[in-house]
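Trainee: The structure is given below, and queries will be raised subsequently.
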Amino acid sequence: MYKIVFKYEIKSFLRYIREKNSRIAGLIIGIILIILYIVFVYMIFSIPIVREVLREAKQMIMEAMPTFLLMIFLFALSGGFSIVTSVRKNQRAKINLFLNSPMSPNDVFRAFLLVNSLIVVLFMMILAYPALIGILLAAGFSVLSVFLFCMSLLLGVLTFASIGASLGIFYVRLTRKQRLALWLPIAILGGYIYGAVYSFDPNIINIFQEISAFLSHIASPLRWYSSPLHLGVGGISELLLFALSVVFSVSLMEGVSSLLRRKYMAGFIKIPEERIKIKYVSKKSLTYRLFGQEVGGLFRKELRMVSREPALVSSILFVYIVYILLLLNFAPGTLGGAPSEELQLANINLIFIFASIMSVVPPMIIIPTTLAMEKQNLALLLSSPIDPTKIVRAKALMSDILVAITITLLTPICVFMLPPHIAVVVILYVAVLSLLSTGLVSYIAVRWTDFKAENPRKALKTTGGILSSAIMIVSIITSSFISIFLVFGLVSVMHLVVIELIAILISYIIRRKLIRAAGKYLGKIEATEYL
Amino acid sequence: MSEAIFFDKVTKNYDGTTAVRNFTMRVRRGEIVALLGPNGSGKTTLMRIAVGILRPTEGDVYIFGHSITREPIQAKRYLGYVPEDAYVYDSLSGFENINLIADLWGMDLKEHEDELMRLAQILEMGQALDQLVSTYSAGMRRKLALMMALIHNPKLLIMDEITANLDPKGLASLEVILAGLKKEGVATLFSTHILEVAEVLADRIVIIHKGRKIWEGAPEDIKAETAEGGKLRDLYFELTGGPEYEMIIEFLRMREKVG
């Protein structure tokens, strides 16, 4: 059974690669990069001083490993969760195909869970293993210890991916409101923890140390997974702990596959029925008056679709919370009294960088994702009597809402932290950047989105991804330059404001042109690209 | 303008394969035309070209005199399209999907409320319009797609695989709706694999094979065309190749031996 499922998956992967020359080229480049990475890792850990430093840190590595494993396993858990909820929705057809054959349903689910978990963690393992093996060997762990630890890590990752999948089974049954109620606190908490960790607050560090000590306790399963690293010290008792981790993993995976089989066969995995009040939209509604009926209607559709995608909402929210926390935590000398001149200059630089990130991120998240979410429904839009530019414009408007939120959040922060005239420069800078980035990302998204991608949030093709990252890098560099100009008095604030006002006008024209170009390109996309 | 749609020498190539070859056909106002042909004969490609989501390699399609390639917005205004797999938004309710169509066609849905509710009743969708489409069955999705195609009063209705996912009652309702639209002068072009449906519904039948039009005529012409004065089925098999009876018998014999 496992052989059949593996063969099936490998064949479909190879067919996917063979479909386009660019994919074959991508695979070859990927393999070359991995080889270079392994060679690089080997070279780094061959340097005597690096080996010496790592040997001194051996004890620390052993102690910190359970916390490191927690992070890896949480990643695997979220991967497993997304198998069921979004990434591999077409699994149902494949599972049914195998269930119709004379195979044991238990085997079918066990194999699918294993294959999916492996697919989810494959990329992570390719990146993590060479460096991890290099570090452990350089730190003086025996080959046997490292080998057993790698096995243990793989087993743990598969186990937690399976647990994630089982959580996904229950998640798909939640209504939109329940999902939102679940995601909002997770995003807020996640954002808070992320921001707090990077603020290096001593209290937070203490809490993390306590958690780390708890995870390293002998009764903690995470300690069992890291037991191979203690073989040199603990001997047989560590081997027993390793055996315990194997038993723990196998029983959890078995339990999850059995649960999945029972729930699947009982028809438990289905979307709940929800009713949405029928409401006729008045021609006098604000969206129609502002954007016209066609763009207004499309904009309302985008708004509904995005707000009903809790994972997307929470990912946007997460970015906002993280950056606001980082901004508040890092910015020195803020609310209490008048800050010194040096502190003000530091604040200018910091706020400029964060403002530029928050101006570029919304279009980068919203536009490609909503475009990929269209999938076959692009046929519905493109067979209707509208200019395709309006489809792109509605998506750009969605991203504008987030930019408006950015400006609303930034304004009080700027007012508290900066002198008013510099706050004006920052706000105007956000306007320029967001106008430009929305236009650029609109074109990039239309040009380089894979409309058939299983996960709309990862639908941007490699070229599109590289170009989007370039926009981000350029905007950060520009913001640093402006800060330097301000800090060293190379340009007066008045001049900057005038330049920015002109730039807003030019950016607006560029944005319109880019959106029009994107619409023109969208209109030429053939149905075979998305059907 | 008596001509609702005119396929003018349409050819479509995909990566070196010709899906449609020099295809010419007219559908007049108030006429119902059935497009028949084996799998992969080019029916869906033709319909996708007609609604402007595929571009012809050569030739053009005119809808009420407007070229779909040069004046797409004017041409699409007349169109109602029901694809084989319904194009509907899963994360919107049925009503929200219809509302989107109203916005795209610039109509005030409130003014058509009675019409919408009556259509929903006919198609047994009245109770489902406030539900998310993700909870719909395949048949309900198809009915919603039909409602979306009809709500803006198209002058030309294009339906790919007319019977797909419809139950007998839904199909019977559709028959009555098409007859009513015909009286109003609405032209209908549909494709189907069920030959009896084509015989009953269509004023004219067009058979295509390997991207070429191989026969065109009214259902009454069929008797004269077939050697045995038979049915559409005989003509269809004569033109496109019927079942391989000898191979089927051989296959059944092989099974018997294995059994």
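FYI, it's all coordinate maths here, none of it is from the lab. Bear in mind the structure is a predicted one, so any value in this text is a computation, not a measurement. Cβ placement follows ideal geometry from the backbone for every residue including glycine, while neighbour counts extend to all protein chains displayed.
Trainee: Work out the mean other chain Cβ neighbour count within 10 Å for the residues of A:277-284 and drop it here as an integer.
Mentor: Details: counts 3, 11, 4, 10, 7, 2, 4, 0.
Mean partner-chain Cβ count within 10 Å for A:277-284: 5.
Trainee: When N counts the residues of chain A, how does its alpha-carbon radius of gyration compare numerically with 2.2 N^0.38 Å, as a ratio? Mind dumping the intermediate values first?
Mentor: Details: Rg = 26.3 Å, N = 531, 2.2 N^0.38 = 23.9 Å.
Cα-based Rg divided by the globular estimate yields 1.10.
Trainee: Work out the length of the dipole vector of region B:34-172 about its Cα centre, built from +1 on the beta-carbon of each Lys and Arg and -1 on the beta-carbon of each Asp and Glu, and round it to the nearest 20 debye.
Mentor: Numbers: 13 positive and 18 negative charges, 80 e Å.
Once rounded to the nearest 20, the dipole reads 380 debye.
Trainee: Next up: Any idea which of A:Pro48, A:Met62, A:Leu148 is furthest toward the positive side of the dipole for region A:48-169, if Lys and Arg beta-carbons carry +1 and Asp and Glu beta-carbons -1?
Mentor: The Cα lying farthest towards the positive end belongs to A:Leu148.
Trainee: Taking just the alpha carbons, could you work out the radius of gyration and Dmax for region A:225-268, both in angstroms?
Mentor: Every Cα atom of region A:225-268 included, Rg and Dmax give 16.0, 51 Å.
Trainee: Would you be so kind as to identify all helices of chain A, as entire DSSP H runs, whose Cα atoms reach 30 Å or more along the helix's own axis and whose mean Kyte-Doolittle hydropathy is at least 0.5?
Mentor: Correct list, ordered by number: A:21-46, A:58-82, A:105-138, A:143-171, A:176-198, A:236-265, A:341-374, A:388-417, A:420-447, A:462-487, A:493-524.
Trainee: Pull up all non-local amide H partners of A:Arg173: gap of 5 or more, or a different chain, and H-to-H distance under 5 Å with H placed in the peptide plane.
Mentor: Under 5 Å from the amide H of A:Arg173 lies no amide H from a residue far enough along the sequence or on another chain.
Trainee: So who's got an amide H within less than 5 Å of the one on B:His209, skipping anything under 5 residues away but keeping other chains? H placed 1.01 Å off N, in plane.
Mentor: The list, which skips near neighbours in sequence, is B:Ile214.
Trainee: Mind putting a number on the dipole of the protein assembly as shown about its Cα centre? Charges go on the C-beta only, +1 for Lys and Arg and -1 for Asp and Glu, and I need it in Debye to the nearest 20. Each step should come with its number before you reach the end.
Mentor: Details: 80 positive and 63 negative charges, 51 e Å.
It comes to approximately 240 debye.
Trainee: Within region B:153-259, which GluC sites (Glu not before Pro) sit in a loop by DSSP and count at most 15 neighbouring Cβ atoms inside 10 Å? Before the final figure, lay out the partial values.
Mentor: Working: sites: B:Glu161, B:Glu175, B:Glu184, B:Glu196, B:Glu199, B:Glu216, B:Glu220, B:Glu225, B:Glu228, B:Glu238, B:Glu244, B:Glu246, B:Glu250, B:Glu256; in loops: B:Glu161, B:Glu228, B:Glu244.
Answer by residue number: B:Glu228, B:Glu244.
Trainee: Using the Kirkwood formula over every pair of different C-alpha atoms, what hydrodynamic radius in Å results for region A:391-488?
Mentor: On the way: mean 1/r = 0.0659 Å⁻¹.
When all Cα pairs of region A:391-488 are included, the Kirkwood radius is 15.2 Å.
Trainee: Here's another thing I want to ask about it. For B:Gln131, which sequence-distant residues (separation of 5 or more, or a different chain) have an amide H within less than 5 Å of its own amide H, given hydrogens modelled in the peptide plane?
Mentor: Placed amide hydrogens put A:Ile276, B:Gly94, B:Phe95 under 5 Å from B:Gln131.
Trainee: If only Cα atoms are counted, what is the Rg of region B:46-170, and what is its Dmax, in Å?
Mentor: Both quantities, over Cα of region B:46-170: 14.9, 46 Å.
Trainee: Follow-up question, since we're still on this one. Pick out, in residue order, every one of the trypsin sites (Lys or Arg not before Pro) in region B:46-82 that is DSSP loop and has at most 15 other C-beta atoms within 10 Å; say none if there are none.
Mentor: B:Arg70
Trainee: In deg cm²/dmol and to the nearest 500, what is the mean residue ellipticity at 222 nm of chain B if only DSSP H runs of at least 4 residues count, each as -39500 (n - 2.57), divided by the residue total?
Mentor: Values: 10 runs with 98 residues, N = 259.
My calculation for chain B gives -11000 deg cm²/dmol from helical runs alone.
Trainee: Could I ask something else about it? Less than 14 Å Cβ to Cβ from A:Ser307, Lys/Arg counted +1 and Asp/Glu -1: what total charge do the surrounding residues give?
Mentor: On the way: positive: A:Arg176, A:Lys177, A:Arg179, A:Arg300, A:Lys301, A:Arg304, A:Arg308; negative: A:Glu274, A:Glu302, A:Glu309, B:Glu96.
Combined, the nearby Lys, Arg, Asp and Glu give +3.
Trainee: Please get the size of the charge dipole for region A:73-177, origin at its Cα centre, with Cβ charges of +1 on Lys and Arg and -1 on Asp and Glu, quoted in debye to the nearest 20. Spell out each step's value before the answer.
Mentor: Working: 8 positive and 1 negative charges, 124 e Å.
That gives region A:73-177 a dipole magnitude of about 600 debye.
Trainee: Another question, if that's okay. What 222 nm value per residue comes from the helices of chain A, counting each DSSP H run with n ≥ 4 as -39,500 (n - 2.57) and dividing by all residues, nearest 500 deg cm²/dmol?
Mentor: Working: 20 runs with 423 residues, N = 531.
That calculation yields -27500 deg cm²/dmol at 222 nm.
Trainee: On each of the three principal axes of the Cα atoms of region B:139-259, give max minus min coordinate, whole Å, ordered largest first.
Mentor: Result, largest extent first: 58, 38, 26 Å.
Trainee: May I ask for the distance between the Cα centers of region B:188-259 and region A:275-328, given as a whole number of Å?
Mentor: Centre-to-centre (Cα) distance: 51 Å.
Trainee: Once you average over the residues of A:293-301, how many Cβ atoms of partner chains fall within 10 Å of each Cβ?
Mentor: Values: counts 7, 4, 1, 1, 8, 3, 1, 5, 9.
Counting other chains' Cβ atoms within 10 Å and averaging over A:293-301 gives 4.
Trainee: Going by alpha carbons, how many degrees (0 to 90, nearest 10) lie between the helix axis of B:113-122 and the longest principal axis of chain B?
Mentor: 30 degrees
Trainee: Where in region A:442-490 are there trypsin sites (Lys or Arg not before Pro) that are in a DSSP coil and have at most 14 other Cβ atoms within 10 angstrom of their Cβ?
Mentor: Numbers: sites: A:Arg447, A:Lys452, A:Arg457, A:Lys458, A:Lys461; in loops: A:Lys452, A:Lys461.
Sites meeting the loop and neighbour criteria: A:Lys452.
Trainee: Moving on to the next point. Could you pull out the pairs from A:Lys283/A:Lys458; A:Lys375/A:Lys524; A:Lys520/B:Lys183; A:Lys177/A:Lys524; A:Lys301/B:Lys110 whose alpha carbons sit more than 27 Å apart here?
Mentor: Details: A:Lys283/A:Lys458 36 Å; A:Lys375/A:Lys524 16 Å; A:Lys520/B:Lys183 38 Å; A:Lys177/A:Lys524 38 Å; A:Lys301/B:Lys110 18 Å.
Those over the limit are A:Lys283/A:Lys458; A:Lys520/B:Lys183; A:Lys177/A:Lys524.
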